[in-house]
1. Taking the Cβ-Cβ separation of Val162 and Lys340 as r and a Förster radius of 30 Å, what is the calculated FRET efficiency to the nearest 0.05?
2. I'd like to check one number: the per residue accessible area of region 117-183, probe 1.4 Å, reported in Å² as a whole number.
3. May I ask you to list the lysines whose Cα is less than 21 Å away from that of Lys146, ignoring any residue fewer than eight positions away on the same chain?
4. With a 1.4 Å probe and all protein chains kept in place, how much accessible area does Lys198 have, in Å² rounded to the nearest 10?
5. Ignoring ligands, DNA and RNA, how do Ile96, Ile244 rank by accessible area with a 1.4 Å probe, largest first?
6. Report Glu287's accessible area, 1.4 Å probe, all protein chains in place, as a number in Å² to the nearest 10.
7. What's the percent breakdown of Cα-Cα distances in region 142-200 across 5 Å bins, shortest bin first?
8. Heavy atoms only, probe 1.4 angstrom, no DNA, RNA or ligands counted: give me Met361, Met372 ranked by accessible area, highest first.
Amino acid sequence: MNFRSLLVALLLVGGFVYVTTNPDSRLRRTLSRGELPSWSEPTVAYSAGLTSDEQNNIDIYKSSKDSVVYITSTVIQRGFFGQTYQSKALGSGFLINADGQILTNNHVVSGSSQVEVTLPDQSNYKAEILDRDQVNDLALIKITPKKKLTFLSLGDSDHIQVGQKVLAIGQPLGLDGTLTVGVISTLHRDIEGENNRKLEGMIQTDAAINQGNSGGPLLDSSGYVIGINTAIYGAGGSGGNIGIGFAMPINRAKTMLETIRTGKRIVPAGPLGVVTRVGYVTGDIAEELHLPSSGGILVDEVHRGSPAESAGLRGSNREVIVGNYRVPVGGDLITAIDGKPVKNQSAITQAISTKHAGDLMTLTIYRDGHTMDVKVTLAAEAGEERF
């Protein structure tokens, strides 16, 4: 049977199914004479029912899309021969209150001479930068609204789970109002951000995120913001989506919001000042190192002049062989932070992300066969640029 005959046969099969359920005698006569109709769709259109998950996607998009804004930042650059020119970068953001405050990424507005915001109704506003946090790649900007604005509610990123559904809205590659859906692939992922600055404790998702999504919201299935879309992993440096995207947990942004709410300058706490090359140890490995099997984070080095040194934390003093590796041991094992058991390598950075410079943090450590509490006074990160 050649291709033309096969095509006719397939069309006839479709026609036959239709005829047996439709009393149209003219169509019956047409097909009985071997003629094909000039159309293939039924006279009555039927709409497939939506699943509950599809309806949830639709509801979240409808309730959230008008709160997602599109940000254009203008940067003055200098050419090879000293001439200056303007370049523009696109990003996303989202309204968090009726006053026109917008959360986005710091790298979306970094170095900008002018920041413009476009709402979904295409109205344009000039924006001012209220605050920014380079450590967590966050920025808070503001427009002066001319009308009533809708805004998103912030969720709690400390209690999200791998496998739960997430939705991203933004303007990937300049395509505004784009919705993508996926799941949380893993938590506490550390990646390298702008200017080789490490971004710690990120949410990894397979919801499609591309250039232009930066600063947009990552939503849970109730429509709460649990993260700010920040970075992607592009295969071969292509910058295209391959199902590995990263979002900054929303709880990291709450320090900035507290600054604005109280009118007081609140400086986020800098690092503790420890090196943890061995990282989180537990179970048999911990027992082999003569540590509690419940585990914790093993301190390898303590930086001079750091909060950790001031508190008296100790680093390793010798090495042992574990398998094929030399492992530095003898340092403190951090088993809990502020009374909460340490469960992963990112526990320290997660705890610090909720602290301010000058805050106390209580570390429960295991040292020389004994458990004790050590209080650490946190400091601002050295050389942190903020305004």
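The values are calculated or read from the model by the stated rules, or taken from the named source; none is laboratory data. Quick caveat, the model's predicted, so the values are computed rather than measured. Ideal geometry is used to build each Cβ from the backbone, glycine not excepted, and the neighbour counts take in all protein chains shown. Ligands, DNA and RNA are excluded from the accessible area calculation, which covers all protein heavy atoms including side chains. Shrake-Rupley method; radii C 1.70, N 1.55, O 1.52, S 1.80 Å.
1. Rounded to the nearest 0.05, the efficiency is 0.95.
2. With all protein chains present, region 117-183 gives 48 Å² per residue.
3. Reachable lysines: Lys65, Lys126.
4. Roll a 1.4 Å probe over it and Lys198 shows about 120 Å².
5. Most to least solvent-accessible, the answer reads Ile244, Ile96.
6. 110 Å²
7. 4, 11, 13, 16, 24, 19, 8, 5, 0
8. Met372, Met361
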